[in-house]
Amino acid sequence: MRRILLPILAVCLLAAAARASPIVLLDSKQSGYLQSGPSAALGKGELGALVGAATGLTPGAVINEELSKALEGILKPRALAKPRAFVSVNVAGLDADALTDLASERVHRTVELTGPGCSAKATVDGLTRIAAANPTAKLFVVDHSGVQDCEGDCVAQHLSSASADCGLDLSALDMSKVEDKLFATELASTYAGLKSLLLAAQKRSELGTQEDVELYEVSVMGLRALVTKYGPGSPAAEAAKAAVQRLIKWAVESLDAAYQGDVVYQILALPEGPARTATMSQLISWKDQTRRQLQEAVFPPVDQVAASKQFSAKAAGYAAFVLLLYFSLAAVWCMCNMPFKQDTLLYGSKKDQ
């Protein structure tokens, strides 16, 4: 039985690896950070090291010699240069072939992801480690920024603006259906969030207040729910795919304009979506969990015990410094104002004289 199961297990593992979606790295237009070459391979748990090497940020994990050689084959050795922004994009329901036109406009590199686990979760985990290890590097979850302070019928307003700026056409969707409405809401929040973040980035650029590399995370999962509901090749699914492609193209062009072309992109297209997201509710839950994970990396919970110890140490240090300063000044004052008489020890003569 064991001899039979082992080959079957090996075949299943190979099939799973074959279905793994690669990530596509798009190089900066201003400065080249990627080496041109054939498809490379990295483990899913090594994406944090890839982001760290591409941005010059602390990777948050140890990089061994083998991983270092693999990264050298993907990235150019530029120790003192790093991009102004790094953007990670996850799109469910889209094939990697849909990125061909976008990748043809700049230097790009395909990286095959190996090992167990979900590729989309691996990209989120990599960004989480980078954000936690680099407090000065800002991490923006784009769609979350788009739904903040949303009043009235803001979704319709954002969709109207997106149609004008990106050329989105969602007329084939039925907004009375839950899947269609959630997909439209996701596109609207992504567009609005990125637009507001880009305005803030332009202001920081004008004022010269950008401290470090800025990280962006974009996840579009609603397309997968539409493809599942209507089927691949259906008018609604094709219209949704075209809308996502146009939104991504607009996002890349807008980010290039905001950062003077000094942006590196990491795009992951998942035809089947992330692991364990067969239903729309599971897709929504996945986005909520990843958003919470990224936000916790940016704003880590406060350790009360460590904070109290740090406060006590600082208070003791300040108190000791104040006391030492007081007695030092008092001693100097006494030495400067002491009357010098013959019976004073500081006069230099003996007391009996």
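Quick note: the coordinates plus some simple rules give every number you see, no bench work behind them. Being a predicted model, the structure only gives us computed values, none of them experimental. Here Cβ is always computed from backbone atoms with ideal geometry, including for glycine, and neighbour counts include all displayed protein chains.
Details
- Estimated FRET transfer efficiency (residue 323, residue 80; beta-carbon r; R0 56 Å; 0.05): 0.75
- Under the Karplus curve 6.51 cos²θ - 1.76 cosθ + 1.60, θ = phi - 60°, whole-Hz ³J(HN,Hα) for segment 102-116, x wherever Gly or Pro sits: 5, 6, 6, 7, 7, 5, 9, 8, 9, 10, 6, 9, 10, x, x
- Under the Karplus curve 6.51 cos²θ - 1.76 cosθ + 1.60, θ = phi - 60°, whole-Hz ³J(HN,Hα) for segment 237-248, x wherever Gly or Pro sits: 5, 5, 5, 5, 4, 4, 5, 5, 4, 5, 5, 5
- Computed from backbone phi, the HN-Hα couplings of segment 42-52 come to 9, x, 4, x, 9, 5, x, 5, 5, 5, x Hz, rounded to whole numbers (Karplus: 6.51 cos²θ - 1.76 cosθ + 1.60, θ = phi - 60°; Gly and Pro given as x).
- FRET efficiency for residue 288 and residue 210, using Cβ-Cβ distance with R0 set to 25 Å, rounded to 0.05: 0.25
- Counted residue by residue at 0.36 nm each, then reduced by the alpha carbon distance between them, the extension gain from residue 69 to residue 132 reaches 20.2 nm.
- In this structure, the amide hydrogen of residue 90, modeled 1.01 Å from its nitrogen in the peptide plane, lies closer than 5 angstrom to those of 218, 219, 220, 268, counting only residues at least 5 positions away or on a different chain.
- Amide H contacts under 5 Å for residue 139, placed H, 5+ residues apart: 215
- Protection proxy ranking, peptides 155-163, 239-247, average beta carbon neighbours within 10 Å, highest first: 239-247, 155-163
- Sites residue 257 and residue 163 - FRET efficiency at Förster radius 22 Å, r taken between beta-carbons, to 0.05: 0.65
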